[in-house]
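The values are calculated or read from the model by the stated rules, or taken from the named source; none is laboratory data. No experiment lies behind these values; they were computed from the predicted model shown. Cβ placement follows ideal geometry from the backbone for every residue including glycine, while neighbour counts extend to all protein chains displayed.
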Amino acid sequence: MNKNIVIKFADFSFRYHNLENPTLENINLEIQDGEKILILGRSGSGKSTLLHAINGVIPFASYGITTGELLIGGNDAIQKNIFTRSKEIGTILQDMDSQFIGLSVGEDVAFSLENEGVHSHNMLDKVTRSLTQVDMLEFFDNSPYELSGGQKQRVSLAGVLASSPQILLFDEPLANLDPASAVKITDLIKKLNDESAKTILIAEHRLEECLEIEPDRIIVMAAGRILAVGTPAEILSMGILNEIGIREPLYCELLGFSKLDTVAAKLGDILEFDTAKNQKIINWFHQIHTLKPFEKPNTRTAVFSAQNISFAYLENKLVLKDISFDLYPGEIVSILGNNGAGKSTLTGIMSGIYSSDTGIMTLNGIDISSWKIKKRGQHIALIMQNPNQMIIKMTVWDEVAFCLLNEGVDSDEIQRRVETVLRVCGLWGYRNWPISALSYGQKKRVTIAAMLVLEPQILILDEPTAGQDLKTYREFMRFLQELTQSGLSILIVTHDLYLAIEYSSRSLVLANGRLIADEHPARILVDEEVINSAGLYELSLVTIARKLGLNPIEFLYKFIASRERGTNE
């Protein structure tokens with residue numbers, strides 16, 4: 001027997017008042033009670049707008065023109081305002097900090113219950129039950145702002161669960177999480193559906209991780225339209241994901257390299273391959289002979305050196321402990337580690353936001369430890385993780401041109417630099433847009449562009465690709481690679497292990513404020529001790545290599561070599 005239809009779109013379209021074209025166009029979709037739905041699409045495809053239509057942000061907070069029909073629980077959605085809908089629909093935002101209200105975890109989870117007039121005894125029971133569901137009860141009295149990204153995500157979820165909504169909406173839930181936390185969140189989402197049969201909609205572009213949730217269906221969106229709806233196996237077999245800027249799982253690429261004409265909807269499908277299929281992967285491995293060497297930095301003089309850097313926000317509570325490393329001209333280096341490991345603090349010290357308690361830093365051999373932030377900013381540009389902390393202008397063009405105008409750069413040069421960077425960052429079509437109308441991922445690209453126009457000597461990017469689709473991500477990383485040809489050194493703080501292994505020559509790994517590894521990422525990502533200490537996870541390719549009895553480091557390098565050649569050897 002068919003389940004009840006809990007959400008139904010019929011010829012639904014929406015256009016913001018200040019835009020010429022619709023953000024959602026002719027949406028026809030039915031969601032059944034208890035389904036797990038993954039809404040897949042590149043940044044700006046309309047994923048978040050679709051969720052906003054469901055939870056009432058559209059049209060009650062984001063104004064525009066709506067046509068067509070949206071039914072929730074069989075009733076016309078326009079009859080239910082945001083508050084009414086929040087009782088049956090819970091939303092977990094991408095920017096977790098913006099969702100916190102209370103001074104403690106317990107207070108924050110209780111907030112919605114207070115608004116509903118729940119009695120204090122019942123309220124405590126509900127808060128306790130919700131925090132227990134997400135394994136956060138022990139943090140009841142902690143400030144939510146002191147938690148790691150993964151813990152914040154779970155507290156946000158607990159606050160939503162306290163009101164017992166039947167429908168849960170997740171907007172880019174993995175965007176700001178370290179790898180290990182992302183795995184925990186996907187496990188938790190799957191558990192919620194398994195145990196409570198809640199209807200769950202997840203807007204994401206990180207497909208490989210979300211496939212482990214085992215979604216019932218995937219909705220593929222592009223330019224505000226639904227391109228395809230189907231099971232994971234059906235969507236993967238269509239071959240449309242790369243075309244619209246979505247990264248296929250690494251193991252799907254591996255199947256192509258191995259000339260296996262089969263579909264794997266999750267990693268477990270490959271781990272259960274028969275002998276004949278396994279042999280095809282082994283044959284591919286042995287046929288690839290050309291490997292890039294595992295290179296350490298050469299004998300060139302370091303452009304930047306950190307020696308024995310330590311730092312504490314509070315006395316006797318070190319956040320960084322004796323950190324030493326070098327950056328060389330023209331290299332891309334990634335910094336890996338779990339939330340709270342000290343990655344952002346280290347880059348803050350480099351850029352002059354903080355002053356280290358011990359140690360020295362040199363730039364081109366000159367001690368810069370005493371340089372103020374303005375002087376360092378002429379050589380070292382830092383792009384923060386949260387774009388909302390950097391944006392100060394109303395439109396995209398004005399934001400990107402702002403620093404150049406302040407420096408008195410010639411108007412023709414401003415035009416040239418801003419246009420070049422906007423095109424590279426995929427923002428040229430949005431140059432006159434109000435920044436408030438952009439997605440979170442698009443806002444991140446605006447802040448990146450605003451720093452790139454300054455042409456710094458060292459570029460530090462804190463999670464630059466979080467929230468970015470595959471096409472924009474690869475275009476941007478290629479742009480960074482081009483910048484290094486002129487000698488620019490790039491340091492990237494990231495949770496994206498794919499980025500680390502594809503684009504960085506080295507990875508610095510932090511754990512509990514210490515540098516525990518400085519090595520090529522392929523070696524790091526097969527080191528179980530480093531992975532466990534730093535909140536990383538084992539890549540699917542490594543899992544496959546181990547199962548087949550193949551050297552996982554060579555396996556990773558041969559995979560990259562096959563991709564770079566563009567051939568399925």
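Of a type outside the set (S, T, N, Q), part of a helix (DSSP H, G or I) and modelled with pLDDT under 95: does that describe R416? Let's see the steps before the verdict.
Values: of a type outside the set (S, T, N, Q): yes; part of a helix (DSSP H, G or I): yes; modelled with pLDDT under 95: no.
Answer is no for this residue.
Tell me, yes or no, whether region 360-368 has at least one residue that is touching a Phe, Trp or Tyr at 6+ places or on another chain (Cβ under 6 Å) and without any contact (Cβ under 8 Å) to a residue 40 or more places away in the chain. Break it down into steps so the answer makes sense when it comes.
Step one: filter region 360-368 for residues touching a Phe, Trp or Tyr at 6+ places or on another chain (Cβ under 6 Å), giving 363.
If we keep only those that are without any contact (Cβ under 8 Å) to a residue 40 or more places away in the chain too, we end up with none.
No, region 360-368 has no match at all.
Go through (1) among the aliphatic types (A, V, I, L, M); (2) touching a helix residue (DSSP H, G or I) at 6+ places or on another chain (Cβ under 8 Å); (3) more than 24 Å from H495 (Cα to Cα); (4) at pLDDT below 90 and name the single condition L314 misses.
(2)
Only strands (runs of 3 or more DSSP E) wholly contained in region 131-249 count here; list those with 2 or more residues that are buried (at least 23 other Cβ atoms within 10 Å of the Cβ) and modelled with pLDDT under 85.
Details: elements: 167-171, 199-204, 217-222, 225-230.
So the answer is none; nothing clears 2.
Anything in region 379-394 that is in contact (Cβ under 8 Å) with a residue 24 or more places away in the chain and either exposed (fewer than 14 other Cβ atoms within 10 Å of the Cβ) or outside the structural domain of L461 (by the TED database) (or both)? List them, or say none. Quick ask: steps written out before the conclusion?
Going residue by residue through region 379-394, those that are in contact (Cβ under 8 Å) with a residue 24 or more places away in the chain are 379-388, 390-391, 393-394.
Listed by number, the list holds a single entry, M394.
Among the listed residues I373, I353, I332, identify the single one that is modelled with pLDDT of 95 or more and outside the structural domain of N176 (by the TED database). Walk me through it before giving the result.
Values: I373 fails: modelled with pLDDT of 95 or more; I353 fails: modelled with pLDDT of 95 or more.
Only one candidate passes the filter, namely I332.
Can you work out which of the residues in region 440-489 that are within 21 Å of the chain's Cα centre (by Cα) and part of a loop (DSSP other than H, G, I, E, B) is nearest to I240 (Cα to Cα)? Give the steps one after another, and end with the answer.
Initially, region 440-489 is screened for residues within 21 Å of the chain's Cα centre (by Cα), giving 440-452, 459-481.
Restricting the remaining residues to those that are part of a loop (DSSP other than H, G, I, E, B) gives 463-469.
On the way: E463: 27, P464: 25, T465: 22, A466: 22, G467: 20, Q468: 18, D469: 14 Å.
Within region 440-489, the match that is nearest to I240 (Cα to Cα) is D469.
What are the residues in region 344-403 that are of a type in the set (D, E, K, R) and not in a helix (DSSP H, G or I), if any? Can you show your working first?
Kept after step one, since they are of a type in the set (D, E, K, R), are these residues of region 344-403: 357, 367, 372, 374-376, 393, 398-399.
Listed by number, the residues that qualify are D357, D367, K372, K393.
Based on this model, can you work out whether K343 counts as within 25 Å of A534 (Cα to Cα) and surrounded by fewer than 14 Cβ atoms within 10 Å (Cβ to Cβ)? Even if it seems obvious, please write down each step before you answer.
On the way: within 25 Å of A534 (Cα to Cα): yes; surrounded by fewer than 14 Cβ atoms within 10 Å (Cβ to Cβ): no.
So K343 fails the test.
Within region 276-311, can you find the residues that are at pLDDT 95 or above, among the hydroxyl-bearing types (S, T, Y) and surrounded by fewer than 17 Cβ atoms within 10 Å (Cβ to Cβ)?
Across region 276-311, the qualifying residue is only S310.
Give the residue, chosen from I492, I501, that is buried (at least 18 other Cβ atoms within 10 Å of the Cβ), assigned to a strand (DSSP E or B) and in contact with a Pro (Cβ under 9 Å, 6 or more places away or on another chain).
Numbers: I501 fails: assigned to a strand (DSSP E or B).
After ruling out the rest, the residue left standing is I492.
Count, please, the residues in region 45-85 that happen to be part of a strand (DSSP E or B) and either free of Cβ contacts under 8 Å to residues at least 12 places away in the same chain or not hydroxyl-bearing (S, T, Y) (or both).
Looking only at region 45-85, we keep the residues that are part of a strand (DSSP E or B), and these are 64-72, 75-76.
Checking the rest, the ones that are also either free of Cβ contacts under 8 Å to residues at least 12 places away in the same chain or not hydroxyl-bearing (S, T, Y) (or both) come to 64-65, 68-72, 75-76.
Qualifying residue count, region 45-85: 9.
Over 21 Å from V183 (Cβ atoms) and of a type in the set (D, E, K, R): does that describe R546?
On the way: over 21 Å from V183 (Cβ atoms): no; of a type in the set (D, E, K, R): yes.
No; evaluated as a whole, the condition is false for this residue.
Please tell me if I218 is touching a residue at least 60 places away in the same chain (Cβ under 8 Å), of a type in the set (V, I, T) and more than 26 Å from E243 (Cα to Cα).
Working: touching a residue at least 60 places away in the same chain (Cβ under 8 Å): yes; of a type in the set (V, I, T): yes; more than 26 Å from E243 (Cα to Cα): no.
So I218 does not fit the description; no.
Among I72, I101, which is the only one that is surrounded by fewer than 16 Cβ atoms within 10 Å (Cβ to Cβ) and of a type in the set (A, V, I, L, M)?
Working: I72 fails: surrounded by fewer than 16 Cβ atoms within 10 Å (Cβ to Cβ).
One residue alone meets the criteria, I101.
Name the pairs whose Cβ atoms lie under 8 Å apart, with the first residue in region 435-463 and within 24 Å of D178 (Cα to Cα), the second part of a strand (DSSP E or B) and hydroxyl-bearing (S, T, Y), and 6 or more positions between them or separate chains?
That search, which allows pairs on different chains as well, returns L459/S489.
Going through region 360-380 one residue at a time, which ones are touching a Ser or Thr at 6+ places or on another chain (Cβ under 6 Å) and within 13 Å of I309 (Cβ to Cβ)?
If the condition is that a residue be touching a Ser or Thr at 6+ places or on another chain (Cβ under 6 Å) and within 13 Å of I309 (Cβ to Cβ), then I360, M361, T362 are the ones that fit.
Test each condition in (1) within 17 Å of I490 (Cα to Cα); (2) free of Cβ contacts under 8 Å to residues at least 40 places away in the same chain; (3) not charged (D, E, K, R) for S344 and report the one that comes out false.
Failing condition for S344: (2).
May I ask you to say which residue of E529, E554 is under 30 Å from E272 (Cα atoms), surrounded by fewer than 20 Cβ atoms within 10 Å (Cβ to Cβ) and outside the structural domain of S351 (by the TED database)?
Details: E529 fails: outside the structural domain of S351 (by the TED database).
So the residue among E529, E554 that is under 30 Å from E272 (Cα atoms), surrounded by fewer than 20 Cβ atoms within 10 Å (Cβ to Cβ) and outside the structural domain of S351 (by the TED database) is E554.
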